[in-house]
1. Considering only segment 1-18, state which residues are modelled with pLDDT of 95 or more, outside any helix (DSSP H, G or I) and of a type outside the set (Gly, Ala, Ser).
2. Quick check on segment 51-81: of everything there that is part of a helix (DSSP H, G or I) and small (Gly, Ala, Ser), which residue is nearest to the chain's Cα centre (by Cα)?
3. For segment 152-161, does any single residue satisfy the condition of being touching a helix residue (DSSP H, G or I) at 6+ places or on another chain (Cβ under 7 Å), within 30 Å of Val259 (Cβ to Cβ), acidic (Asp, Glu) and assigned to a loop (DSSP other than H, G, I, E, B)?
4. Being surrounded by 11 or more Cβ atoms within 10 Å (Cβ to Cβ), of a type outside the set (A, V, I, L, M, F, W, C) and outside any helix (DSSP H, G or I) is the filter here; which residues of segment 251-273 pass it?
5. Confirm whether Ser43 is in a loop (DSSP other than H, G, I, E, B) and either among the hydroxyl-bearing types (Ser, Thr, Tyr) or not assigned by TED's automatic domain parsing to the domain that holds Ala150 (or both).
6. Filter segment 117-161 down to the residues that are buried (at least 18 other Cβ atoms within 10 Å of the Cβ) and among the small types (Gly, Ala, Ser), then identify the one that is nearest to the chain's Cα centre (by Cα).
7. For the condition in contact with a Ser or Thr (Cβ under 9 Å, 6 or more places away or on another chain) and in contact (Cβ under 8 Å) with a residue 60 or more places away in the chain, what is the one hit in Phe268, Phe262?
Amino acid sequence: MDFTEIRRRVIIAMFSDDMLLDQLVLKGGNALELVHHVLTRGSLDVDLSIESEFRDLGDVRERIFQALRREFETAGYVVFDESFAVVPPSIAADSTPWWGGYYVEFKLIEKDLADSLAHDREKMRIQAQTFDPQHARKFRVDISKHEYCAGKVSAKLDGRTVYVYTEEMCVVEKLRAICQQMPEYGRTNRTPRARDFYDVYATVTRRGLDLSLPENLDLFRHIFEAKRVPLALLARIADTRELHLPDWDAVKDTVQGQVFDFDVYFDFVLEELSKLDALWKK
């Protein structure tokens, strides 16, 4: 089973439970690639949002892994080594209830292979499916809580209903993620995100999006406010080129078709931001 099919099946599984269907929203690179068909760059992890937070974590865990087991069983695979947890684990919920979320991790192995290994967990771990060029054997789903989800739309993925961020929401969320890497935001290890510059370029140019429309400016306000990211940080993206540039070599290897130098994508984002200064200038 190739990596694209695995991602599709994970997403379908996560939306196959009625309770999860009502709460989850697909976002990020997988939304842009698999649902909106605007990207040619594969995303490694599946990113989801929820508007509030999960109340009964035990019930949610069981629903998620039941759904994943059902979906992959139909393809002849076994799900094992499941993990579901709150991130970050040490968060002070009383002071920052809007921060963080949850992660889901699991491994996959072909059922016939698991049977031949007598379902010995140590042997299964050695022969589990790999998911990326680094041969990672854990698949990860990230769920961000207290996000702005009011603009979600329904879509079909392999005939199944999923809820997804619009293309405009995906772009705004990626610009927010870039801002969240700044020391001014204060809650980050400053992770380079060259992929977000490419994704913004690809989505805006291929769909002809106008980020300066009033409804899109409202999206900026809602999506940035959800994680308490100051809109003024958009003006500081111009200072981050050196942070993100070293990440480009790894990203461009995942892009199909023509690829430009990183500066093309970075400068495009700056040009788009120059049309949005009404967001932070009073």
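The values are calculated or read from the model by the stated rules, or taken from the named source; none is laboratory data. Remember, it's a predicted structure, so these values are computed and weren't measured experimentally. Glycine gets a Cβ as well: all are built from the backbone with ideal geometry, and neighbour counts include every protein chain shown.
1. Within segment 1-18, Phe15, Asp17 meet the criteria.
2. Ala67
3. The answer is yes, given that some residue of segment 152-161 is touching a helix residue (DSSP H, G or I) at 6+ places or on another chain (Cβ under 7 Å), within 30 Å of Val259 (Cβ to Cβ), acidic (Asp, Glu) and assigned to a loop (DSSP other than H, G, I, E, B).
4. Hits for segment 251-273 are Thr254, Asp261.
5. yes
6. Looking at residues that are buried (at least 18 other Cβ atoms within 10 Å of the Cβ) and among the small types (Gly, Ala, Ser), I get Ser144.
7. Just one listed residue meets the conditions, Phe268.
Table: residues versus (1) touching a residue at least 40 places away in the same chain (Cβ under 8 Å); (2) under 23 Å from Val259 (Cα atoms); (3) part of a loop (DSSP other than H, G, I, E, B).
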{"residue": "Cys170", "(1), (2), (3)": "yes, yes, no"}
{"residue": "Arg176", "(1), (2), (3)": "yes, no, no"}
{"residue": "Pro183", "(1), (2), (3)": "no, no, yes"}
{"residue": "Tyr198", "(1), (2), (3)": "yes, yes, no"}
{"residue": "Asn216", "(1), (2), (3)": "yes, no, no"}
{"residue": "Leu219", "(1), (2), (3)": "yes, no, no"}
{"residue": "Arg228", "(1), (2), (3)": "yes, no, yes"}
{"residue": "Ala232", "(1), (2), (3)": "yes, no, no"}
